[in-house]
């Protein structure tokens, strides 16, 4: 199940670019918070790139807003396991998380890569 921190939902996707200490982690299980992300991390990328908000599309509308993280070409694997989830944290909180498109076995000391991923805001609603 995907997660987007209430601060980001309330302040918008543009607020992600202003967060300090961003780290992208890969994990075996979906984390509930920042501490669980750090404890369960199989690997990390410090300072991943974050795009400005942009229009996205889905099957029914083009009103979605999204930001893009990555791609990651040089993530550090820190523990052996099967990465099935990603999590973005900052200095204080779990910002967002979701399942990877496919689980991947990783080995400590290796490098992990990840295609660019998107974090989508809820589509706008009009009366």
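Answer yes or no: is there a residue in segment 27-41 that is modelled with pLDDT under 80 and assigned to a loop (DSSP other than H, G, I, E, B).
First pass over segment 27-41, keeping only residues modelled with pLDDT under 80: none.
No: segment 27-41 contains no residue that is modelled with pLDDT under 80 and assigned to a loop (DSSP other than H, G, I, E, B).
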Cβ pairs under 8 Å, 6+ apart or interchain, first in segment 14-26 and assigned to a helix (DSSP H, G or I), second surrounded by fewer than 16 Cβ atoms within 10 Å (Cβ to Cβ), ordered by first then second residue, are 14/52; 15/7; 17/52
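Residue-wise test of (1) within 22 Å of residue 5 (Cβ to Cβ); (2) buried (at least 16 other Cβ atoms within 10 Å of the Cβ); (3) touching a helix residue (DSSP H, G or I) at 6+ places or on another chain (Cβ under 7 Å).
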| position | (1), (2), (3) |
| --- | --- |
| 34 | yes, yes, no |
| 42 | yes, yes, no |
| 48 | yes, yes, no |
| 65 | yes, yes, no |
| 73 | no, no, no |
| 76 | no, no, no |
| 99 | yes, no, no |
| 105 | no, no, no |
Taking segment 58-73 and the residues there that are within 18 Å of residue 14 (Cα to Cα) and part of a loop (DSSP other than H, G, I, E, B), the one that is modelled with the highest pLDDT would be 70
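Given 87, 96, 102, 76, which one is out of contact with any strand residue (DSSP E or B) (no Cβ under 8 Å at 6 or more places or on another chain) and either in a strand (DSSP E or B) or modelled with pLDDT under 95 (or both)? Working first, answer last.
Details: 87 fails: out of contact with any strand residue (DSSP E or B) (no Cβ under 8 Å at 6 or more places or on another chain); 96 fails: out of contact with any strand residue (DSSP E or B) (no Cβ under 8 Å at 6 or more places or on another chain); 76 fails: out of contact with any strand residue (DSSP E or B) (no Cβ under 8 Å at 6 or more places or on another chain).
102 is the lone residue from the list that is out of contact with any strand residue (DSSP E or B) (no Cβ under 8 Å at 6 or more places or on another chain) and either in a strand (DSSP E or B) or modelled with pLDDT under 95 (or both).
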Note on residue 113: of the conditions (1) under 25 Å from residue 35 (Cβ atoms); (2) surrounded by 12 or more Cβ atoms within 10 Å (Cβ to Cβ), unmet is (1)
Residues in segment 78-92 that are crowded, with 16+ Cβ neighbours inside 10 Å and either in contact (Cβ under 8 Å) with a residue 60 or more places away in the chain or within 10 Å of the chain's Cα centre (by Cα) (or both) total 6
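The values are calculated or read from the model by the stated rules, or taken from the named source; none is laboratory data. Keep in mind that what you see is a predicted model, and the values were worked out from it rather than measured. Every residue, glycine as well, gets a Cβ built from its backbone with ideal geometry; the counts of neighbours run over all protein chains shown.
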